[in-house]
Amino acid sequence: MERSLVLIKPDAMQRGLDSAIIARLEGEGLKLVAFKRLQMDKALAQKHYAIHKDKPFFQGLVDYISSAPIVAAVFAGENAIAVIRKAMGATDPAKAEAGTIRADFGLNIEHNAVHGSDSVETAGKEIGLFFNEDEIGDY
Ligand code: IDP
Ligand code: MG
C-alpha cells in the first residue's frame with residue numbers, strides 16, 4: 001500500500017482542527033497507520049523543507065512549522081499520495097477548490113493547515129524523518 005506523510009500544521013492545531021482533518025482523510029478511505037504529536041525543532045524543519053532552501057519564504061516557513069506543536073501522521077492506501085493532495089487542495093487556500101481541507105481550514109499560503117507528501121520518493125524520505133519503521137503499524 002502507498003504511504004504518505006501528513007502534518008497538521010500549527011495554525012490548524014491552534015484552532016483544534018486536528019481531529020477534523022484526520023477524519024476527512026480517513027473518510028477518503030485511507031488508513032491512519034502512524035500518529036504522533038510533537039514540536040519540530042529547526043533542524044528537523046530544515047530537513048523536512050530542504051527542497052525549498054533557496055526560496056524567499058524558507059526561513060519563515062522553518063520558523064513557523066517549528067513554532068508550536070504539530071501532529072505527524074502516516075496514511076496508507078491505494079494512491080494515498082494523490083488522494084491526500086486532492087483532499088488538501090491547492091497550496092494557497094484562496095485558490096483551493098471548494099470543499100478541500102485548505103479551502104475550508106487554511107488561513108493563507110503559509111498557514112495552510114496541512115502538509116502532504118508530493119511523490120513516493122519524498123514520502124519515503126519524509127516518513128523516515130518522523131517515524132521509525134516499527135512505529136508504523138498496518139492493520
Ligand atoms: P505544498 O505544501 O502544497 O506541497 P510547497 O510549494 O511544497 O506546497 O510549499 C511548502 C509549504 O511552504 C506550503 O505548504 C506553505 O506552507 C509554504 N509556502 C509555499 N509557498 C509560499 C509562499 O509563497 N509564501 C509563504 N509560504 C509559502
Ligand atoms: Mg510540497
**Message:** Tell me the per residue accessible area of region 59-116 using a 1.4 Å probe; a whole number in Å² is fine.
**Reply:** 40
**Prompt:** Can you work out ³J(HN,Hα) from phi for every residue in region 95-100, in order, using Karplus 6.51 cos²θ - 1.76 cosθ + 1.60 and θ = phi - 60°, giving whole Hz and x for Gly and Pro?
**Reply:** 9, 6, 4, 3, x, 7
**Asked** Excluding the sites themselves, what is the longest stretch of the chain that contains no trypsin sites (Lys or Arg not before Pro) in a DSSP loop with at most 16 other C-beta atoms within 10 Å?
**Response** 54-139
**Prompt:** What spacing in nm lies between the two simple spin-label points modelled at Ala98 and Gln59, each 7 Å away from Cα in the Cβ direction?
**Reply:** 4.1
**Message:** Quick check: at a probe of 1.4 Å, how many percent of the accessible area of the chain sits on carbon and sulfur atoms?
**Reply:** 52
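The values are calculated or read from the model by the stated rules, or taken from the named source; none is laboratory data. Small disclaimer: the values here were computed from a predicted structure and weren't measured. Because the Cβ atoms are built from the backbone with ideal geometry, glycine has one as well, and the counts that use them run over all protein chains shown. Ligands, DNA and RNA are stripped out before the accessible areas are found, and what is left, the full protein with its side chains, is counted by its heavy atoms. Shrake-Rupley method; radii C 1.70, N 1.55, O 1.52, S 1.80 Å.
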